[in-house]
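Accompanying notes for the structure given below.
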Amino acid sequence: MATSTLEEAYKENPLSLQHILPIDFQSIQEVPNSHLWPKINNVLTSHNDKNPNVPIIDLLAPNVVELMGHACKTWGIFQVVNHGVSLELFDEVEYQARRFFTLPAEQKVKVMRSTSGATGYGTARITPFFSKFMWHEGFTIMDSPLDHAKKLWPHDYHKFCDVMENYQKKMKVLSFQLCLFILNYLQPSQDQHSINSFEFAGALQLNSYPCCPNPTHALGLAPHTDSLFLTILHQTNNTKGLQILKKDQGWTSIAPVSNDALIVNVGDLLHILSNGEFPSVYHRVLVDQTKHRVSLAYFFGPQVDSMISPLVSSKDNDRVVLKYRNVKVKEYLGLKAKHLEKVFSMIRF
């Protein structure tokens, strides 16, 4: 039997067209009521004050497994440096992303995500759960964007495809490496749940947060958690907009420590695999009045036919109570598509 893909999993949870098509941000001068949220508290603490608390992990450090495990456990988010991805590649991907997002709206809708699709242009998949729309447009790519790119640039699509495919390859290798470290932390002496027991899939999301006339009443992305194992985020031009909800601190801004630093956060499936030890990070994105922000998010996790079983190390077997039942990735994605953040209560023992 052929392995199901992430793309096929989303077909079973279609969205309505009104929840997919972004407004034409280039043509409006003020925030319409459909996008007007209650006042957002976006008084940001300087990232120089906050970021020293967010773990920064050198992937060449000899104790990288312990550092990463501790970061997952205490924060659910960390930054990585010395990851082997060049600044030049980040710049190329950002250039191509901006090339896409600055196209006229009538061009972008040529590659709009279908109601049951996973790839293409559109709003965030969490849109139906909120009464207001978000100040955001996205373009989702899984493997090759060739079909979409040909519609946009019939005679000049090769560079866009080459850059996006190359970036996904680099992210997949890096994601695999991060998962190796994390699983080694969770079960250092066992290999029954080794990374080789999973087949993995990834998706690249290009995010655009246009300049907003009223940023205190608009949200780039509403609060949510990510569904898969890990998300690797590159915020271009060292800009900030990402905030996480940190216990006892409220909304905390996370800005990259350097132009080539990557932000990595724990997703729902890794939270389940860790038996709740690693928090799945609740996060949101703010917008700016004068900066058109672009970010690159790579989502990584097991193929949808994989079974996620909470891990308990052998030394804890007699004492630890399993918090979650076993769940297939496809089932989990289906439940979350219908129930969003209530999903954990549906698989909790």
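Numerical summary
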quantity: Sum of -39500 (n - 2.57) over DSSP H runs of 4+, divided by residues of the chain (222 nm, nearest 500); calculated: -8000 deg cm²/dmol
quantity: For the chain, built as a Gaussian network whose Cα springs stay under 10 Å, the top-fluctuating residue of Q249, Q177, Q107; calculated: Q249
quantity: Apportionment of accessible area to carbon and sulfur, segment 245-349, percent (1.4 Å); calculated: 50 percent
quantity: Percent accessible area from carbon and sulfur atoms, segment 106-188, protein chains only, probe 1.4 Å; calculated: 54 percent
quantity: Value of D in µm² per second that Stokes-Einstein yields for segment 220-284, Kirkwood Rh from Cα pairs, at 4 °C (1.567 mPa s); calculated: 104 µm²/s
quantity: Accessible solvent surface per residue of segment 60-178, calculated while the other protein chains remain in place, 1.4 angstrom probe, Å²; calculated: 44 Å²
quantity: Pair-distance profile P(r), taking every C-alpha pair of segment 49-197, with 10 angstrom steps and integer %; calculated: 9, 28, 28, 25, 9, 0
quantity: Structure-derived P(r) over Cα pairs in 20 Å bins from 0, in percent - corresponding label in (i) 30, 61, 9, 0; (ii) 28, 57, 15, 0; (iii) 24, 51, 14, 8, 2; calculated: (i)
quantity: Cα-centred dipole magnitude for the chain, charges only on beta-carbon of K, R (+1) and D, E (-1), debye, nearest 20; calculated: 840 debye
quantity: Listed residues V287, Y332, F300: farthest to the positive end of the dipole of segment 273-349 (Cβ charges); calculated: V287
quantity: Unit charges on C-beta of K, R, D, E only; dipole of segment 1-151, Debye; calculated: 460 debye
quantity: Sequence-separation-based contact order of segment 219-349, relative, with Cα cut under 8 Å and 6+ spacing, percent; calculated: 28 percent
quantity: Dipole magnitude (debye, nearest 20) for segment 85-179, charges at Cβ of Lys, Arg, Asp, Glu; calculated: 340 debye
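The values are calculated or read from the model by the stated rules, or taken from the named source; none is laboratory data. Since the model is a prediction, treat every value here as computed from it, not as a measurement. FYI the Cβ positions are ideal-geometry reconstructions off the backbone, even for glycines, and counts take in every protein chain you see. These area figures cover heavy atoms from the full protein model, side chains too; ligands, DNA and RNA do not enter into them. Shrake-Rupley method; radii C 1.70, N 1.55, O 1.52, S 1.80 Å.
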